[in-house]
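Structure first, commentary second.
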Amino acid sequence: MRKKFVAGNWKMFTHAAAARQLASAVAHGLGNDKRVSVAVCPPFPYLSAVAEALKGGSVALGAQNCYHEKEGAFTGEVSPAMLVDVGCRYVILGHSERRQKLGESDAFINRKVHAALAAGLEVILCLGETLEERQSHRTETVLETQLNGSLAGIEANSLRRVVLAYEPVWAIGTGQNATPQQAQDAHAFLRGKIRARFGEETASALPIQYGGSVKPDNAAILFAQPDVDGGLIGGASLNADSFLAIVRAALGEPAA
Ligand code: 13P
């Protein structure tokens, strides 16, 4: 059985003291519980402070982006090796906010996926359709295009270090989560595509998170779907109590 994985994407929120405090509270709340994988992904400037706050605990550190080059004259960019250096285990790539607001293409994301894996990071690869794409019945086409484009040239053995995050754009930050059935259908579709390309063993081991308005009161039902292996949490990850309640929901324990 796949272990559930709950990650907090703090986006462009917090400040140094708040980041440290939030990370400590999450680490303290989780203790040494290893039944669920938990990560927090703060903004770049706070990665080191959060790494320090997480030291010795069970919560992993992730970043929200990286560049695909190892080093060089790339003003403002951060390499995968730098993320490893400050203690990151994960990097989120392909988030819809970067696809939409910063114009990231599947080809560009694919270069980052290769670079991140080569540097030893695990990748949380985000995919998801817009409302207009869903309403015009293009959800599966969009997901397949994003999946194939982002994972071009990736081998099955590297896929052990990839987590997919299905994040329907219309559900992000809107308070309108996908229904458990909508999430399950999209996840089963993605797993089916992974199965067809990489085989059953890889597909059944692959964690697929759901992201988009996950809250303590809807997490349990979403996570109870057979192909939903946890969540990538935005707004609710900025409060330790609500994030920990979502983690408990992943364990099948009462969330609130
Ligand atoms: P919300 O949980 O705020 O909807 O954000 C989801 C998300 O984008 C996580 O990456």
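The values are calculated or read from the model by the stated rules, or taken from the named source; none is laboratory data. Every value quoted in this text rests on a predicted model; they were computed, and no experiment measured them. Methodologically, a virtual Cβ is constructed for each residue, glycine included, from the backbone with ideal geometry; neighbour enumeration extends over all protein chains shown. Ligands, DNA and RNA are stripped out before the accessible areas are found, and what is left, the full protein with its side chains, is counted by its heavy atoms. Shrake-Rupley method; radii C 1.70, N 1.55, O 1.52, S 1.80 Å.
Here are a few things to note about the model shown:
- Farthest toward positive dipole pole in the chain [+1 Lys/Arg, -1 Asp/Glu at C-beta], among F189, I221, V142: I221
- Within the listed set A205, A116, A196, the residue fluctuating most in the Gaussian network model of the chain (springs between alpha-carbon atoms under 10 angstrom) is A196.
- Annotation: per residue accessible area for region 195-240 equals 37 Å², rounded to a whole number [probe 1.4 Å, protein chains only].
- Vicinal HN-Hα couplings computed from phi for region 37-52 (Karplus, 6.51 cos²θ - 1.76 cosθ + 1.60; Hz; Gly/Pro x): 8, 9, 9, 10, 10, x, x, 3, x, 9, 4, 5, 5, 6, 4, 5
- Protection-proxy order for peptides 141-148, 214-221, 43-50, each taking the mean of Cβ atoms within 10 Å per residue, highest first: 214-221, 43-50, 141-148
- Amide proton proximity set for Y67, modelled H, under 5 Å, gap of 5+: V78, S79
- Under-5 Å amide H pairs with I233, H placed in peptide plane, nonlocal only: A7, G8, N9
- Contact order normalised by residue count of region 25-102, Cα under 8 Å, 6+ apart, percent: 29 percent
- q = 0.14 Å⁻¹, the chain: log10 I(q)/I(0) [Debye, one scatterer per Cα]: -0.89
- Near K70: Cβ cut-off under 15 Å, other residues only, Lys/Arg at +1 and Asp/Glu at -1. The net charge is -2.
- Scattering from region 45-89 was approximated by placing one identical point on each alpha carbon and applying the Debye formula without solvent; log10 I(q)/I(0) at 0.21, 0.29 1/Å stands at -0.68, -1.07.
- Phi to ³J(HN,Hα) by Karplus 6.51 cos²θ - 1.76 cosθ + 1.60 over region 21-29, Hz, x for Gly, Pro: 5, 5, 4, 5, 5, 5, 4, 5, x
- GluC sites (Glu not before Pro) restricted to region 13-103 and DSSP loop, no more than 12 other C-beta within 10 Å: E71
- Dipole magnitude for region 1-75: about 400 debye, using +1 per Lys or Arg Cβ and -1 per Asp or Glu Cβ, origin at the Cα centre.
- Within the chain: Cβ-based charge dipole about Cα centre, in debye rounded to nearest 20 (Lys, Arg +1; Asp, Glu -1): 380 debye
- Evaluating 6.51 cos²θ - 1.76 cosθ + 1.60 at θ = phi - 60° for every residue in region 70-82, the Karplus couplings come out as 6, 6, x, 7, 10, 3, x, 9, 10, 8, x, 4, 5 Hz, glycine and proline recorded as x.
- Kirkwood hydrodynamic radius computed over region 128-256 comes to 15.0 Å, based on all pairs of distinct alpha carbons.
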